[in-house]
1. Restricting region B:344-363 to residues that are crowded, with 20+ Cβ neighbours inside 10 Å and in contact (Cβ under 8 Å) with a residue 60 or more places away in the chain, which is farthest from residue A:474 (Cα to Cα)?
2. Can you tell me which residue in region B:108-162 is surrounded by the most Cβ atoms within 10 Å (Cβ to Cβ), limited to those that are over 23 Å from residue B:258 (Cβ atoms), under 14 Å from the mean Cα position of the chain (by Cα) and within 14 Å of chain A (Cβ to nearest Cβ)?
3. Condition test on residue B:266, is it within 14 Å of chain A (Cβ to nearest Cβ) and either surrounded by fewer than 16 Cβ atoms within 10 Å (Cβ to Cβ) or touching a strand residue (DSSP E or B) at 6+ places or on another chain (Cβ under 8 Å) (or both)?
4. Within region A:419-462, how many residues turn out to be within 14 Å of another protein chain (Cβ to nearest Cβ) and either buried (at least 20 other Cβ atoms within 10 Å of the Cβ) or at pLDDT below 90 (or both)?
5. Determine, yes or no, whether residue B:185 is out of contact with any strand residue (DSSP E or B) (no Cβ under 7 Å at 6 or more places or on another chain) and farther than 28 Å from residue B:42 by Cβ.
6. Given the condition part of a helix (DSSP H, G or I), facing chain A (nearest Cβ under 9 Å) and modelled with pLDDT of 90 or more, answer yes or no: does some residue in region B:280-291 qualify?
7. Here's a check for you: in region A:53-71, which residue that is within 12 Å of chain B (Cβ to nearest Cβ) and in a helix (DSSP H, G or I) is nearest to residue A:144 (Cα to Cα)?
8. What residue, of A:326, A:302, is more than 14 Å from chain B (Cβ to nearest Cβ), under 22 Å from residue A:271 (Cα atoms) and out of contact with any helix residue (DSSP H, G or I) (no Cβ under 8 Å at 6 or more places or on another chain)?
């Protein structure tokens with residue numbers, strides 16, 4: 001790598017456009033010598049992407065270091081993202097029928113096309129993830145390509161700059177005639193008041209402030225990269241858990257993914273709605289218009305931890321950890337887990353009771369109560385009567401073969417096959433009983449199971465969540481915010497005041513907000529003989545910024 | 001108390017309206033090109049009226065807060081009026097930095113339009129559903145509104161830039177697109193006028209119709225039905241029969257409202273053109289005569305720079321924190337979330353283009369216009385058209 005030595009004696013890395021120390025245009029950068037105002041982006045430092053273009057690595061590097069490519073990636077991602085909102089994503093559609101059918105049924109041919117293109121799961125499609133990954137790569141390379149040389153250039157800058165550098169600043173002016181020492185002192189005084197850092201060299205001044213705002217973009221890019229890494233960590237086993245836990249009132253269930261360590265009892269589930277009489281009367285009109293409005297979904301629960309070691313199959317010994325109420329916006333947290341109120345089912349069938357009845361006389365011989373979630377095999381009654389539960393279908397339907405079957409283990413539509421034993425029929429009578437339906441498959445029975453009432457219970461649906469990536473993601477977000485504020489709310493301003501014989505040269509540069517800079521120069525030079533410098537850019541050709 | 005609160009909003013609305021001619025007068029008055037000095041008497045009066053209006057709207061906001069027991073940002077009416085208030089607030093701040101009455105002439109009508117638009121939606125004080133019962137409601141929503149309002153100021157400044165810079169002596173793509181933007185604003189006004197007029201006349205027409213799942217349903221129109229619902233049957237006597245009807249998959253009532261708004265917009269726009277005998281952009285151009293282009297460009301850019309971090313904080317970071325608490329996950333690709341991301345990506349692209357590709361002036365102004373359209377799309381269309389977790393009760 002051949003380095004370039006400037007006339008001022010400073011040795012610059014290969015590819016430098018403006019000398020890091022004095023700002024003189026290095027011979028190579030001939031194309032810019034004709035411009036009236038120099039391009040101050042990245043201080044004219046040697047950027048890898050602008051210097052090398054030979055190897056494969058150079059080419060990839062140069063591709064991703066281009067802001068143009070970055071912007072294109074952003075725009076394409078933006079358009080792609082919007083496509084996913086035309087129809088609801090798969091996770092938001094009801095699970096009443098197969099996904100493909102649903103889209104076609106609801107949205108016709110367009111829905112079908114949407115599904116076929118994979119837009120129903122757009123945000124986890126390989127090409128969308130690839131776009132995000134490309135943005136990530138672009139962030140890293142863009143930043144590295146710029147931050148290192150920019151840091152060097154700002155660090156190495158000298159107070160005294162080359163004439164050509166000053167002349168070609170956007171804000172530049174010459175005062176001829178004598179400038180008194182008091183004026184000089186006054187200017188420095190006023191610069192200090194404006195919080196400028198002042199460096200002096202042989203009577204020349206470089207006043208600078210807000211340099212740290214130049215690092216803002218790089219800081220926020222680091223934040224974004226941390227954020228993206230955090231999002232990827234979700235796929236590392238053990239980092240992220242997303243389970244649903246349904247617990248009936250009175251039931252105690254093991255919390256999934258806790259290795260059997262934690263149990264939860266649902267003591268009571270409450271659904272409250274707003275009431276015109278008792279709630280804020282201001283809500284009256286809204287409640288009239290909307291009808292029922294939910295006020296609270298709440299599960300009163302007890303969290304247990306198992307005591308000691310439990311052998312598989314044994315009832316674990318439970319120790320209460322805390323009793324608490326889980327509400328929307330108020331999850332229950334323990335260790336790294338959180339339990340959220342997300343769903344509920346009111347009045348799920350819990351128990352059903354039947355009377356063993358003689359069909360002809362109507363005489364009854366005791367009743368049995370079946371716990372629909374935990375039925376017994378045999379129900380003994382007095383006087384040699386008993387009922388055997390031969391089969392149980394919690395969620396009954398007729399299968400394709402015409403035989404009864406169950407859709408799920410949830411007692412939505414329970415059906416039973418009973419065998420009723422009585423002194424008259426010691427070998428038993430078989431009866432199939434479902435809601436509103438009785439079938440006697442083996443001919444006419446003498447006895448029947450007469451429906452005698454139900455008990456219901458509410459069920460709460462909780463999300464069991466563990467997300468160890470949150471800290472990293474939050475940290476990334478924080479860094480991003482710091483960086484973006486740093487870059488957006490501060491400006492990097494420099495004012496050069498140099499004596500050239502009888503003349504005083506003033507030049508200034510800012511990375512943005514030129515009106516503010518001009519106003520500041522006005523104030524700083526007030527009361528001195530030094531003339532206000534001019535803005536060399538005409539209207540319309542506005543500030544040339546830097547940083548990306 | 002509710003009446004007091006609502007009256008404060010009316011007062012604010014009228015004061016905002018009153019401020020506009022003063023900002024207009026300030027521009028006519030001004031002879032010297034120097035924007036920094038001597039803010040004229042006119043613009044002083046204008047800004048004082050704006051501040052009074054802002055104070056009145058703050059009064060509306062806090063009285064409503066105390067009545068409801070929660071910050072009034074929980075439905076479309078409340079959020080949109082709050083957005084309008086933030087827009088005025090952002091303008092007031094920028095006014096004191098740059099002393100440009102012209103910005104008032106462009107921003108205040110936009111704020112008025114936003115508030116008038118908001119008032120077309122149900123204004124009932126609504127109770128909070130469980131998901132909204134959180135302090136994050138106040139934190140997240142107010143920050144988003146503030147961020148979007150600051151970004152909207154950049155739209156106001158961009159509009160000034162475009163009106164000034166676009167050559168109105170000949171037809172061009174630029175003149176056409178500028179007229180499209182103007183028409184968009186006028187169509188919003190059309191929506192407000194049509195809805196208010198028929199609401200004043202208490203127009204109600206009920207229909208029986210059949211929805212896409214072949215269920216019978218009833219729907220009440222508050223505008224005469226140009227477009228009727230699927231197999232609609234008019235139940236109210238003496239009301240207009242629909243000209244056409246649409247399949248059940250389309251929400252006929254909303255479509256009808258949209259057609260009315262655009263129709264009224266065309267009518268208004270046509271009338272204005274007839275009266276002015278030139279493009280709206282050309283008619284506005286004289287107002288911008290004395291403004292420094294660099295200055296408006298900088299205001300537009302600076303608003304984006306100030307608004308972008310605020311929007312990021314409110315619309316993405318606070319949003320994610322709350323989503324984690326209320327919905328168990330910080331991000332779920334809900335349409336509103338996606339459009340917040342799109343807004344963010346768009347302004348990120350804006351900043352990159354401006355900083356490194358040198359997209360200043362006109363190009364940058366067009367970008368600010370598009371940004372505002374995206375924000376409005378997220379506010380209006382995503383709530384009313386694309387259903388999702390964020391859908392507020394619209395009409």
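The values are calculated or read from the model by the stated rules, or taken from the named source; none is laboratory data. Please read these numbers as outputs of a predicted model, since none were measured by experiment. Methodologically, a virtual Cβ is constructed for each residue, glycine included, from the backbone with ideal geometry; neighbour enumeration extends over all protein chains shown.
1. B:361
2. Ranking the candidates gives B:154 first.
3. No.
4. Number of matching residues: 2.
5. Considered against the rule, which asks whether it is out of contact with any strand residue (DSSP E or B) (no Cβ under 7 Å at 6 or more places or on another chain) and farther than 28 Å from residue B:42 by Cβ, residue B:185 comes out as no.
6. The answer is no, given that none of the residues of region B:280-291 is part of a helix (DSSP H, G or I), facing chain A (nearest Cβ under 9 Å) and modelled with pLDDT of 90 or more.
7. Out of the qualifying residues, it is A:65.
8. Checking each option against the conditions leaves just A:302.
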